[in-house]
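The values are calculated or read from the model by the stated rules, or taken from the named source; none is laboratory data. Everything quoted here is computed from the prediction, not taken from an experiment. Here the Cβ positions follow ideal geometry from the backbone for every residue, glycine too, while neighbour counts run over all protein chains shown.
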Amino acid sequence: MGTDVQHIVYEEISVNKIKKVCVIGLGYIGLPTAALLANRAYHIHGVDLDQRAVNIINRGEIHIVEPELDTFVKSAVNSGKLKADIKPAEADVFIIAVPTPFHEGFVPNVDYVSAATLSIVPYLRPGISLYWNLHPLLAPLIWSRNYSLTMVSIFQVYI
């Protein structure tokens with residue numbers, strides 16, 4: 001369990017002494033990342049649009065199949081460091097880990113990433129780090145789509 005994205009994010013957060021992280025998307029990438037960081041004493045606000053998934057996670061259970069993740073999530077929730085909700089909250093770091101399925105002809109559907117980006121706009125401020133689990137070639141498309149709302153020049157963006 002663990003990905004390059006999780007390692008990069010963990011290193012960045014450790015170096016900068018950041019404590020509050022908002023993870024958008026609690027699926028196969030977001031939930032293990034949230035649980036990993038919560039078990040390392042970071043305060044995690046996890047976001048998923050599926051209220052059923054949010055309820056399951058807040059009980060310390062999992063809604064996906066991933067070996068050993070259940071005990072990891074239970075520990076994180078029981079410690080009070082991992083809480084799930086359907087709406088974002090203020091944080092020092094935002095991690096967007098939502099699906100990017102394909103349209104016909106293998107054209108990426110970036111609607112979920114765009115919606116997730118727009119959902120955190122009210123919480124962005126100078127010094128915040130934003131991470132996307134997204135192919136690097138797609139990020140400029142998403143970012144330019146929302147550029148006027150997010151004032152990209154004042155934020156750190158990691159892809």
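Does residue 27 satisfy the criteria of being crowded, with 16+ Cβ neighbours inside 10 Å, under 15 Å from the mean Cα position of the chain (by Cα), in contact (Cβ under 8 Å) with a residue 24 or more places away in the chain and not in a loop (DSSP other than H, G, I, E, B)? No: the conditions fail for residue 27.
I'd like to verify a number: residues in region 40-51 that are part of a loop (DSSP other than H, G, I, E, B) and either among the aliphatic types (A, V, I, L, M) or modelled with pLDDT of 95 or more (or both), how many?
4
All of (1) surrounded by fewer than 16 Cβ atoms within 10 Å (Cβ to Cβ); (2) touching a strand residue (DSSP E or B) at 6+ places or on another chain (Cβ under 9 Å); (3) of a type outside the set (A, V, I, L, M); (4) without any contact (Cβ under 8 Å) to a residue 40 or more places away in the chain hold for residue 90 with one exception: (4).
Before we move on, is residue 17 in a loop (DSSP other than H, G, I, E, B) and at pLDDT below 95?
Working: in a loop (DSSP other than H, G, I, E, B): yes; at pLDDT below 95: yes.
Judged against the criteria, residue 17 is a match.
Would it be correct to say that residue 113 is touching a strand residue (DSSP E or B) at 6+ places or on another chain (Cβ under 7 Å), modelled with pLDDT of 90 or more, among the β-branched types (Val, Ile, Thr) and not in a strand (DSSP E or B)? It is false that residue 113 is touching a strand residue (DSSP E or B) at 6+ places or on another chain (Cβ under 7 Å), modelled with pLDDT of 90 or more, among the β-branched types (Val, Ile, Thr) and not in a strand (DSSP E or B).
Return the residues of region 104-118 that are surrounded by 10 or more Cβ atoms within 10 Å (Cβ to Cβ) and either of a type in the set (A, V, I, L, M) or over 16 Å from the mean Cα position of the chain (by Cα) (or both); say none if nothing qualifies.
Initially, region 104-118 is screened for residues surrounded by 10 or more Cβ atoms within 10 Å (Cβ to Cβ), giving 108-118.
108, 109, 110, 113, 115, 116, 118, listed by residue number.
Listed residues 25, 60; which is within 21 Å of residue 129 (Cα to Cα) and at pLDDT 85 or above?
25
Considering every residue within region 76-88, establish whether at least one is part of a loop (DSSP other than H, G, I, E, B), over 14 Å from residue 23 (Cβ atoms) and in contact with a Pro (Cβ under 6 Å, 6 or more places away or on another chain). No, that holds for no residue. Tell me which residues, restricted to region 36-74, are of a type outside the set (Val, Ile, Thr) and in contact with a strand residue (DSSP E or B) (Cβ under 7 Å, 6 or more places away or on another chain). Correct list: 37, 38, 42, 43, 45, 46, 48, 58.
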